[in-house]
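Data block below; observations after.
The values are calculated or read from the model by the stated rules, or taken from the named source; none is laboratory data. The structure displayed is predicted, hence computed values, not measured ones. We place every Cβ from the backbone using ideal geometry, glycine too, and count neighbours over all the protein chains shown. Heads up: the accessible areas ignore ligands, DNA and RNA and are worked out on the full protein's heavy atoms, side chains in. Shrake-Rupley method; radii C 1.70, N 1.55, O 1.52, S 1.80 Å.
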Amino acid sequence: MIQKPKGTLDILPSETPLWHKIEDVVREVTDCYGFSEIKFPTFEQSGLFKRGVGGTTDIVQKEMFTLDDRDGNELCLRPEGTACVVRSIVENGLFNEPMPLRLYYLTNFFRYEKPQAGRSREFYQFGVEMFGTEKASADATVISIADTVLKRLGVNARLNLNSIGCKNCRPHYHAALVEYFSAHRDELCDTCKERLKTNPLRILDCKSPICGALCANAPKTVDHLCDDCRDHFASLGENLEAMHIEYSVNPRIVRGLDYYTRTVFEFISDDIGAQSTVCGGGRYDGLVKELDGPDLCGIGFGLGITRLVLALKKNAEKRGEALPESKKPLLYIAPMGDRAALFAQKTVFALREKGVFADCDITGRSLKAQMKYADKIGAQYCAVIGDNELDSGECELKNLRNGEKETVKIDTLGLLAPNGE
Ligand code: ATP
Ligand code: MG
């Protein structure tokens, strides 16, 4: 038996109704915020992520699925969406559209990671990107989209917020960090010893407990912000408070991608174990220019659907609620004989044409087996049609939910309305 590649997921029919519900909520919410969907290629030039995400990030150093095409180009499966969106707006001149430019995507990404619960090599994200406004009200608007989607789905998640400053104040903070960690160099894990040289900010993101203890006392970004960044962060807080969105400032949030400036945030859920970050995002004011576009600022997030599904399943279990199920047919026709089979085919076709989910036997199984099947698929009504019914023009329509029966004209079966009338 050939099995799926390590770290990939089959999302089976029993689970897709839950995915559809998430997608419905995402589209409902983004519609109200004026965001349009964008689609981009499954693979891009590797250079896009090396430049866009940053050469010293985990994504670029360890997690890209790269492939060489037959023309000698180095391509990779997209590991994240922001660089793809930025490439697309630069390439297609979308920066000429009225600002702010508001885009979202709902798609799969690929990272070569150690698979575990909530961490896979192929995973899905709902992502939002807004370009062309520097104001903190834009950051708050983007954050409120993630917050609304999570709340509307009933997921409990805490918003953690930080500001990592801009190109003016970051160097001062950098220097303070290097000074602090250099004094504790021997206590750092091997990766962080390396990060101290290449990207000291990333030490704050280290998951090892030894580094974690050191980070607790490390200098905080928020204490090293320039006046503009401090005002921006304060305004973000005010905007969130105006929308009654609760948050806490967490100085350790720096995010794993190099392109962030000022605002960074995560939504954390306590319901899904170790991989508890359902959503992460931030501001990336230098990225469009870095990728050969105009000097256009941006803010966005990626919300992990796979982790969201885990949280929703856990919630439903805790509350004793059923998960969304696939649609059930309104009518099932059980035909006996060839004439009846054709009548059944004609009738369910007429109903389907009207947008009603109807079903009939197409396997030739026994009447008993058909009745069992009608029950199993959760049909609301069932009609058994044989030569007698065809000759008399009448049949019995049984409501399988409450057992009630009524005699109806067989020609009216194809006229059933979606609510069963
Ligand atoms: P983590 O620290 O958990 O690796 P990250 O910082 O790499 O996350 P982002 O690149 O910001 O994550 O992606 C945003 C969201 O996408 C994450 O919060 C998570 O919900 C989801 N996500 C990221 N990587 C994976 C993965 N390998 N499997 C499942 N979901 C993922
Ligand atoms: Mg990661």
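Tabulated data for the structure shown
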item: Compactness index (Cα Rg / 2.2 N^0.38 Å), the range 252-364; result: 1.95
item: Solvent-accessible area per residue, Å², over the chain with all protein chains present [probe radius 1.4 Å]; result: 50 Å²
item: Dimensions (Å) - the range 1-126, Cα atoms, principal axes, largest first; result: 50, 42, 27
item: Links that overshoot a 29 Å alpha carbon limit, given the list K167/K207; K62/K313; K6/K372; K327/K398; K4/K372; result: K62/K313; K6/K372; K4/K372
item: The range 136-292: C-alpha gyration tensor shape, a/c 1.5 cut-off, then a/b vs b/c; result: oblate
item: Whole-percent carbon and sulfur share, accessible surface of the range 149-249, 1.4 Å; result: 50 percent
item: Calculated log₁₀ intensity ratio I(q)/I(0) where the Debye formula runs over C-alpha points of the chain, q = 0.08, 0.15 Å⁻¹; result: -0.58, -1.37
item: Cleavage-rule hits, GluC sites (Glu not before Pro), the range 289-382, DSSP coil, Cβ neighbours within 10 Å at most 15; result: E321, E325
item: Kyte-Doolittle at least 0.5, axis length at least 15 Å by Cα - qualifying DSSP helices, the chain; result: 136-152
item: Residues of type aspartates and glutamates that K21 reaches as a straight line, Cα spacing below 16 Å, ignoring anything fewer than 8 places off in the same chain; result: D31, E321, E325
item: Sulfur and carbon atoms: percent of accessible area, the range 1-128 [1.4 Å]; result: 48 percent
item: Length gained when the stretch I11-S366 is fully extended (0.36 nm per residue, less Cα-Cα span); result: 124.5 nm
